[in-house]
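Input: a single structure, listed below in structure tokens.
The values are calculated or read from the model by the stated rules, or taken from the named source; none is laboratory data. Note that the structure is predicted; figures quoted are calculated from it, not measured. Cβ coordinates were reconstructed from backbone atoms using ideal geometry, including for glycine residues, and neighbour counts include every protein chain displayed. SASA here: full protein model, heavy atoms, side chains in, ligands and nucleic acids out. Shrake-Rupley method; radii C 1.70, N 1.55, O 1.52, S 1.80 Å.
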Amino acid sequence: MRLDVILPTYNRHQLLTRTLDSLLAAEVPADLRVLVAVVDNNSSDATRETVETYQPKFCGRLHYVFEKKQGRSHALNAGINATDGDFVGMIDDDEQVDRSWFRCIYQMFSSGDVDFIGGPYVPHWGGALPPWLPRNHAGVIGVVDAGSLHAYGTSHAELMGGNAVVSRAVLQKVGLYSTDLGRKGKRALADEDTDMYRRLLAAGAKGMYVPDLIIYHYIHPDRLSKRYFRAWHLWRGVSSGVLDRRQPREAIYLLGIPRYIFGRAIRALWRILKGMVSFKSKPAENFADELQMWDLVGFFYGKHFYRATHSYGDRYWDRGCRFRAKNSRHRLLEKPTK
């Protein structure tokens, strides 16, 4: 069994060393061949030199891929293009895998009865938790716990690309990540994972949420700010609106917006007004209600005004079963060139 771990990174060479150390420390079953592809998304720091330093430690199993086009989806696609293993694993550069991560992957796919898996994100806090932090918004900062082992599609949990493994055969059916729905610079679009998850289910792929597939996610202090939460909800709303133009939901619409989104926002506004009149201070609850407004504004803008080009349709599979991207060159190097 061959597993390619795609690790996109951008100007985080210090955090990248922790991720690579965790991959080295994890136990690899004897029948599992692992290759790690670090995708440098046009970094200006010491990312290239860091990969070069670690390559001898990986004994030929660590490769460098350069992707100039900015964006996490571009980086993931470049890593998929540059590899050809049976399975594609995806983690981020601010994460560390648990020692049993590879063993869990091997056990789940050995049965041949699953096409993709995901798991929890255990937080490694970089700062003190503020009193206004809504506990039901942990996913905004990358904290995920969907409970016990269960099949995707049977709960509200979705496959998140920072801790996911997908069979290449299924990726061949559904295509690459959509590059118009992911983060680009300061535009924190965030629905490329949702789009991929929906396409996997639509293709009939079987997925499992596996609580033992653990990664440890570093939560940077910058994420523990109201500004970050507001921007995240706004741009998540924008990307959800764009995705809704492409994949309408089974819902009643009002002004092009699912009516339940309006309902949540109206109820949140009512609670905010009641709190102002009664002078009751509930920082976390009040802020959670405010975020419902940003969701609505973002969705409305994304649905009616934001323009993005549908972007995964121009990828295809060649006879060697490797993705190619038109007008793009992806370099996979044993040793980075200067």
* **Long-range neighbours under 6 Å by Cβ, at least six apart or interchain, first residue modelled with pLDDT of 65 or more and open to solvent by less than 10 Å² (accessible area, probe 1.4 Å) within segment 179-197, second of a type in the set (A, V, I, L, M, F, W, C) and in a helix (DSSP H, G or I)** => ASP191/LEU243; ASP195/LEU243
* What number of residues in segment 59-96 are in a strand (DSSP E or B) and either within 15 Å of the chain's Cα centre (by Cα) or under 15 Å from VAL166 (Cα atoms) (or both)? -> 7
* Looking at (1) at pLDDT 85 or above; (2) surrounded by 19 or more Cβ atoms within 10 Å (Cβ to Cβ), which is the only condition ALA325 fails? -> (1)
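Closer than 30 Å to LYS282 by Cα, touching a strand residue (DSSP E or B) at 6+ places or on another chain (Cβ under 8 Å) and not charged (D, E, K, R), is that true of GLY142?
When the stated conditions are applied, GLY142 passes them.
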* Is it true that some residue in segment 102-113 is open to solvent by 30 Å² or more (accessible area, probe 1.4 Å), at pLDDT below 90, among the hydroxyl-bearing types (Ser, Thr, Tyr) and over 18 Å from ILE214 (Cβ atoms)? -> yes
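Conditions (1) open to solvent by less than 10 Å² (accessible area, probe 1.4 Å); (2) over 24 Å from ILE141 (Cβ atoms); (3) modelled with pLDDT of 95 or more; (4) in contact with a Cys (Cβ under 7 Å, 6 or more places away or on another chain), marked per residue:
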position	(1), (2), (3), (4)
LEU35	no, yes, yes, no
SER43	no, no, yes, no
PHE58	yes, yes, yes, no
ILE80	yes, yes, yes, no
* To do: Just name the residue that is nearest to ASN41 (Cα to Cα) out of those in segment 58-94 that are among the hydroxyl-bearing types (Ser, Thr, Tyr) and touching a strand residue (DSSP E or B) at 6+ places or on another chain (Cβ under 8 Å).
  => TYR64
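Quick check on segment 239-247. Is at least one of its residues of a type in the set (A, V, I, L, M) and over 23 Å from ARG198 (Cβ atoms)? Let's see the steps before the verdict.
Just the residues of segment 239-247 that are of a type in the set (A, V, I, L, M), to begin with: 242-243.
This time we only want the ones that are over 23 Å from ARG198 (Cβ atoms), so: none.
No, every residue in segment 239-247 fails to be of a type in the set (A, V, I, L, M) and over 23 Å from ARG198 (Cβ atoms).
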* To do: Confirm whether PRO221 is more than 30 Å from VAL122 (Cβ to Cβ), modelled with pLDDT under 95 and over 17 Å from the mean Cα position of the chain (by Cα).
  => no
* To do: Take segment 213-242 and flag every residue that is touching a Leu at 6+ places or on another chain (Cβ under 8 Å), of a type outside the set (Ser, Thr, Tyr) and either over 22 Å from LEU133 (Cα atoms) or open to solvent by 30 Å² or more (accessible area, probe 1.4 Å) (or both).
  => ARG230, TRP235, ARG236, VAL238, VAL242
* Asked: So which of GLY139, GLY153 is without any contact (Cβ under 8 Å) to a residue 60 or more places away in the chain and not in a loop (DSSP other than H, G, I, E, B)?
  -> GLY139
* To do: Restricting attention to segment 1-33, report how many residues are part of a strand (DSSP E or B) and open to solvent by 30 Å² or more (accessible area, probe 1.4 Å).
  => 2
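One line per residue, one yes/no per condition, for (1) polar (S, T, N, Q); (2) loosely packed, with under 14 Cβ neighbours inside 10 Å; (3) in contact with a Pro (Cβ under 9 Å, 6 or more places away or on another chain):
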{"position": "GLN247", "(1), (2), (3)": "yes, yes, no"}
{"position": "TYR253", "(1), (2), (3)": "no, no, no"}
{"position": "ILE261", "(1), (2), (3)": "no, no, no"}
{"position": "ILE266", "(1), (2), (3)": "no, yes, no"}
{"position": "TRP270", "(1), (2), (3)": "no, yes, no"}
{"position": "MET276", "(1), (2), (3)": "no, yes, no"}
{"position": "PRO283", "(1), (2), (3)": "no, yes, yes"}
{"position": "ASN286", "(1), (2), (3)": "yes, no, no"}
* Can you confirm whether segment 198-211 contains a residue that is assigned to a loop (DSSP other than H, G, I, E, B), among the basic types (Lys, Arg) and touching a residue at least 24 places away in the same chain (Cβ under 8 Å)? => yes
